[in-house]
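In what follows, a structure is listed as structure tokens, so that the remarks can point back to it.
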Amino acid sequence: MPSSAEAKAAYRRAEMMMRSDRPDKALPELDRARELAPDDLTYRAARAWARFCAASDKAALADETRKLLNYAAMHGEKPEIPTFWLGRVE
């Protein structure tokens, strides 16, 4: 069974892609992290944020992104990160 270390490594690679303003390249890494740790809200929230950033029509994804980020902010281990992203959506 894949380890959480592999999920964390995929997440770290995605973070580097996001810092380089390449959300489209971060999405496969976040998909991998979610595949390895499907219940981790951090990975779900990061994927929603990356998907929003990569979208050409952000308005079409805004409601879905808000819902997921709000849920992650209320129930996740690190609420400050999805809360920050939620503010950026607005």
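A few comments on the model shown:
- Search result, residues across the range 1-13 that are open to solvent by 60 Å² or more (accessible area, probe 1.4 Å) and among the polar types (S, T, N, Q): SER4
- Of the residues making up the range 52-60, one or more are of a type in the set (D, E, K, R) and over 9 Å from the mean Cα position of the chain (by Cα).
The values are calculated or read from the model by the stated rules, or taken from the named source; none is laboratory data. The structure presented is a predicted model; accordingly, all values stated were derived computationally and were not measured. Just so you know, the surface numbers come from the protein's heavy atoms only, side chains and all, with ligands and any DNA or RNA stripped out. Shrake-Rupley method; radii C 1.70, N 1.55, O 1.52, S 1.80 Å.
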